[in-house]
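Engineer: I have a structure I would like to understand better, so I am pasting it below and will then ask my questions one at a time.
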Amino acid sequence: MKKWDIEMAYGINFSVQVEASCREEAIEAAKTLVEKGTTILPFDNSVDDSGLMFEGVTFAKQN
C-alpha cells in the first residue's frame, strides 16, 4: 500500500492521510474515514454536522 494525502470539500474542508494502492482507492478510503469517523466540535455550538454532502476532491498526492 502507498500513502496518500487527500483533501476533500464537504461544505467545509477536511485533510486526511490514508494508505491505498491507487488514487481512486485513496479517495474512497478518505471519504469513508470522514463520513464514518469524524466528530465536529463546534466553537460556538452553531455547527450542524448532519447530512454532510461530498462536494469533491480538492487535492490528492501520493507520498
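The values are calculated or read from the model by the stated rules, or taken from the named source; none is laboratory data. Quantities reported herein were computed from a predicted structural model and do not represent experimental measurements. With ideal geometry, Cβ positions are generated from the backbone for all residues, glycine too; neighbour counts draw on all protein chains shown. Ligands, DNA and RNA are excluded from the accessible area calculation, which covers all protein heavy atoms including side chains. Shrake-Rupley method; radii C 1.70, N 1.55, O 1.52, S 1.80 Å.
Engineer: When residues of segment 7-23 are filtered for being charged (D, E, K, R), exposed (fewer than 13 other Cβ atoms within 10 Å of the Cβ) and within 12 Å of residue 59 (Cβ to Cβ), how many remain?
Structural biologist: Counting residues in segment 7-23 that are charged (D, E, K, R), exposed (fewer than 13 other Cβ atoms within 10 Å of the Cβ) and within 12 Å of residue 59 (Cβ to Cβ) gives 0.
Engineer: Suppose we filter segment 14-35 for residues that are of a type outside the set (A, V, I, L, M, F, W, C) and under 15 Å from residue 51 (Cα atoms); how many remain?
Structural biologist: Summing the residues that are of a type outside the set (A, V, I, L, M, F, W, C) and under 15 Å from residue 51 (Cα atoms) in segment 14-35 gives 3.
Engineer: Let me ask you something else. Among (1) modelled with pLDDT of 90 or more; (2) in a helix (DSSP H, G or I); (3) of a type in the set (Lys, Arg), where does residue 3 come up short?
Structural biologist: Exception for residue 3: condition (2).
Engineer: Could you tell me whether residue 57 is modelled with pLDDT of 80 or more, out of contact with any Phe, Trp or Tyr (no Cβ under 8 Å at 6 or more places or on another chain), open to solvent by less than 80 Å² (accessible area, probe 1.4 Å) and not in a helix (DSSP H, G or I)?
Structural biologist: For residue 57, the condition - modelled with pLDDT of 80 or more, out of contact with any Phe, Trp or Tyr (no Cβ under 8 Å at 6 or more places or on another chain), open to solvent by less than 80 Å² (accessible area, probe 1.4 Å) and not in a helix (DSSP H, G or I) - is met.
Engineer: Considering each residue of segment 29-54, count those that are open to solvent by 50 Å² or more (accessible area, probe 1.4 Å) and at pLDDT 80 or above, and give that number.
Structural biologist: Summing the residues that are open to solvent by 50 Å² or more (accessible area, probe 1.4 Å) and at pLDDT 80 or above in segment 29-54 gives 5.
Engineer: Right, another one. Checking residue 26 against (1) modelled with pLDDT under 85; (2) open to solvent by less than 80 Å² (accessible area, probe 1.4 Å), which test does it fail?
Structural biologist: (1)
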